[in-house]
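Just below is one structure, and these are the notes that go with it.
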Amino acid sequence: MKTLINYIIIIILLGLTACTDHEEDTDKLSVQYRVSVDQPIIKNIIYKSADKQMVTQTESLQDVTLWHKTVFINDSFDAYKNVMFYNNYEDTISYKLSIFVEGILVKTNEGIIHPDQETTASLEYSVLD
């Protein structure tokens, strides 16, 4: 019986902790960066983190055709993303850069990369201005 009571107390405490964390997240806005390409040609991605630092991602992009990163902000924020592509395929490849705020598409940039071409594309959007 004592074990059951301890188990119930632990569940209640975990539930209260989860509710507290959830309440803090609701005060912040979600900003999601998204990159999609027809073929895996992403060489690197630079994006602004929630603490307004530029972060470069190069690893784990070799077979990626859809990449996304979500940051949570609570004050004015200039979302920024820069993507470098290298098309080593024989065909032209399409790309699309997107920024979502609270799940709503707010800015996009689409283009193509010709065969054997390296291209950089960027996207910027001011949130809470």
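The values are calculated or read from the model by the stated rules, or taken from the named source; none is laboratory data. Fair warning: this is a prediction, and the values are worked out from it, not measured in the lab. Heads up, the Cβs are rebuilt from the backbone with ideal geometry, glycines too, and the neighbour counts pull from every protein chain shown. Surface areas here come from the heavy atoms of the whole protein model, side chains and all, with no ligands, DNA or RNA. Shrake-Rupley method; radii C 1.70, N 1.55, O 1.52, S 1.80 Å.
Output the relative contact order of the stretch 20-129, whole-number percent, from Cα pairs under 8 angstrom with separation of 6+ residues. Before the final figure, lay out each step's value.
Values: 257 pairs, mean separation 34.0, N = 110.
Relative contact order of the stretch 20-129: 31 percent.
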>> Just to be sure I understand the model, the point goes 7 Å from the Cα along the line to the Cβ. What's the resulting T70 to Y86 distance in nm?
In response: 3.2 nm
> Near I41, within a Cβ-to-Cβ distance under 14 Å, what is the net charge of the other residues, with Lys and Arg +1 and Asp and Glu -1?
Replying inline: -4
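So, counting K/R as plus one and D/E as minus one, what does the shell of residues with Cβ under 10 Å around I99 add up to? Can you show the working numbers first?
Details: positive: R34, K81, K107; negative: E124.
With Lys, Arg at +1 and Asp, Glu at -1, the neighbours total +2.
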> List the lysines whose alpha-carbon lies under 28 Å from that of K52, not counting same-chain residues fewer than 8 positions away?
Replying inline: K28, K43, K69, K81, K96, K107
> Heavy-atom accessible area of T119 with all protein chains present, probe 1.4 Å, nearest 10 Å²?
Replying inline: 30 Å²
> What does the charge add up to near E59, with Lys and Arg as +1, Asp and Glu as -1, over the other residues with Cβ less than 14 Å from its Cβ?
Replying inline: +1
